[in-house]
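S.K.: Okay, here's the structure, questions in a sec.
The values are calculated or read from the model by the stated rules, or taken from the named source; none is laboratory data. All values derive from a computational prediction rather than experimental measurement. Positions of Cβ are backbone-derived with ideal geometry, glycine not excepted, and every protein chain shown enters the neighbour counts. Heads up: the accessible areas ignore ligands, DNA and RNA and are worked out on the full protein's heavy atoms, side chains in. Shrake-Rupley method; radii C 1.70, N 1.55, O 1.52, S 1.80 Å.
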Amino acid sequence: MTDLEDLLAGPVVTAARGLLGCRLSAGGVTVRVTEVEAYAGTAGDPASHAHRGRTPRNSVMFGPSGFAYVYFTYGMHWCVNVVTGPEGEASAVLLRAGEIVDGLAVARSRRPAVRRDVDLARGPARLCSALGLDGTVYGAHLLGDGPVRLTAPPTPVGAAAVSAGPRVGVTGAHDRPWRFWITGDPTVSTYRRHVPRAARTADASAPRS
């Protein structure tokens, strides 16, 4: 078992931290992972897609580790996760942002409206778009020679260079500090606390002083 295989087979929070600095390659582009979020599946994490148990959509999250869990959101965006943990215990790490380290011209061609290179894979949907990922790679093995490849970083990111904070865009357990990022990296997405739609509507209709 390689170091990366061993990392992904362990607890999701440890795996999430360890994925920072790893390389994900697909469609002629490679990103260096700079921001992630951990989701613990059925283990008391209401924000996880597997919180209520196995479904056709989330079945790959139940292992084994090292495979891709890809899902469609808001009717327009793809997001990619790395399955972690022991087989049968659903958990996964959402890849939230990355730096393009190879295939920059290809990434630009996929996202022609983006003005700055640091924004090409800044956010989970942008990361998938830059890499050309969609639902066809659901369940792909990430540690082999397939269409999507995850490799260990040339130099591991030290603990002192990692920040942690609340997760983005979830209603359940949103304050759990399971989002990890490389401190000060310009490709890390901007944090926005999730506000339920009902609360946004009430706030918009409230009188202003």
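S.K.: Name the one entry in THR136, THR201, THR190 that is of a type in the set (Ser, Thr, Tyr), at pLDDT 90 or above and either surrounded by 12 or more Cβ atoms within 10 Å (Cβ to Cβ) or not in a strand (DSSP E or B) (or both). Write out each step before concluding.
M.R.: Working: THR201 fails: at pLDDT 90 or above; THR190 fails: at pLDDT 90 or above.
Being of a type in the set (Ser, Thr, Tyr), at pLDDT 90 or above and either surrounded by 12 or more Cβ atoms within 10 Å (Cβ to Cβ) or not in a strand (DSSP E or B) (or both) holds for just one of THR136, THR201, THR190, which is THR136.
S.K.: I've got another one for you. So, in the stretch 93-125, of the ones that are part of a helix (DSSP H, G or I) and surrounded by 23 or more Cβ atoms within 10 Å (Cβ to Cβ), which residue ends up modelled with the highest pLDDT? Outline the logic, then answer.
M.R.: Start the filter on the stretch 93-125 by keeping residues that are part of a helix (DSSP H, G or I), which leaves 104-110, 117-119, 124-125.
So of that shortlist, the ones also surrounded by 23 or more Cβ atoms within 10 Å (Cβ to Cβ) come out as 107, 124.
Values: ALA107: 98, PRO124: 95.
If we take residues in the stretch 93-125 being part of a helix (DSSP H, G or I) and surrounded by 23 or more Cβ atoms within 10 Å (Cβ to Cβ), then ALA107 is modelled with the highest pLDDT.
S.K.: Against the condition open to solvent by less than 20 Å² (accessible area, probe 1.4 Å), of a type outside the set (Val, Ile, Thr), modelled with pLDDT under 95 and touching a Pro at 6+ places or on another chain (Cβ under 9 Å), how does GLY41 come out, does it pass?
M.R.: no
S.K.: Further, regarding this structure: Quick test for you: out of THR14, THR55, pick the one residue that is outside any strand (DSSP E or B) and touching a helix residue (DSSP H, G or I) at 6+ places or on another chain (Cβ under 8 Å). Even if it seems obvious, please write down each step before you answer.
M.R.: Details: THR55 fails: touching a helix residue (DSSP H, G or I) at 6+ places or on another chain (Cβ under 8 Å).
Only one candidate qualifies: THR14.
S.K.: Of the residues VAL101, VAL80, only one is touching a helix residue (DSSP H, G or I) at 6+ places or on another chain (Cβ under 6 Å) and in contact (Cβ under 8 Å) with a residue 24 or more places away in the chain; which? Write out each step before concluding.
M.R.: Details: VAL101 fails: touching a helix residue (DSSP H, G or I) at 6+ places or on another chain (Cβ under 6 Å).
None of the others qualify; the one that does is VAL80.
S.K.: A further question on this structure: Taking ARG149, is it in contact (Cβ under 8 Å) with a residue 40 or more places away in the chain and basic (Lys, Arg)?
M.R.: Answer is yes for this residue.
S.K.: Looking at (1) open to solvent by 60 Å² or more (accessible area, probe 1.4 Å); (2) within 20 Å of VAL170 (Cα to Cα), find the lone condition where GLU35 falls short.
M.R.: (1)
S.K.: Another one. Among the candidates PRO153, PRO147, which residue alone is closer than 15 Å to CYS22 by Cβ, out of contact with any Pro (no Cβ under 6 Å at 6 or more places or on another chain) and modelled with pLDDT under 95?
M.R.: On the way: PRO147 fails: closer than 15 Å to CYS22 by Cβ.
From the options PRO153, PRO147, the qualifying one is PRO153.
S.K.: If you don't mind, another one. Within the stretch 36-52, can you find the residues that are in a strand (DSSP E or B) and not β-branched (Val, Ile, Thr)? Talk me through it step by step, then tell me what you get.
M.R.: Restricting attention to the stretch 36-52, the residues satisfying the condition of being in a strand (DSSP E or B) are 36-39.
Once the filter is applied, which keeps residues that are in a strand (DSSP E or B) and not β-branched (Val, Ile, Thr), the stretch 36-52 yields GLU37, ALA38, TYR39.
S.K.: Considering the stretch 156-172 alone, what residues qualify as being open to solvent by 30 Å² or more (accessible area, probe 1.4 Å), outside any loop (DSSP other than H, G, I, E, B) and at pLDDT 95 or above?
M.R.: ALA160, ALA161, ALA164
S.K.: If you don't mind, there's one more thing I want to ask. Out of all the residues in the stretch 73-92, is one or more surrounded by fewer than 20 Cβ atoms within 10 Å (Cβ to Cβ), of a type in the set (Val, Ile, Thr) and either assigned to a loop (DSSP other than H, G, I, E, B) or under 12 Å from the mean Cα position of the chain (by Cα) (or both)?
M.R.: Looking through the stretch 73-92, none of the residues is surrounded by fewer than 20 Cβ atoms within 10 Å (Cβ to Cβ), of a type in the set (Val, Ile, Thr) and either assigned to a loop (DSSP other than H, G, I, E, B) or under 12 Å from the mean Cα position of the chain (by Cα) (or both).
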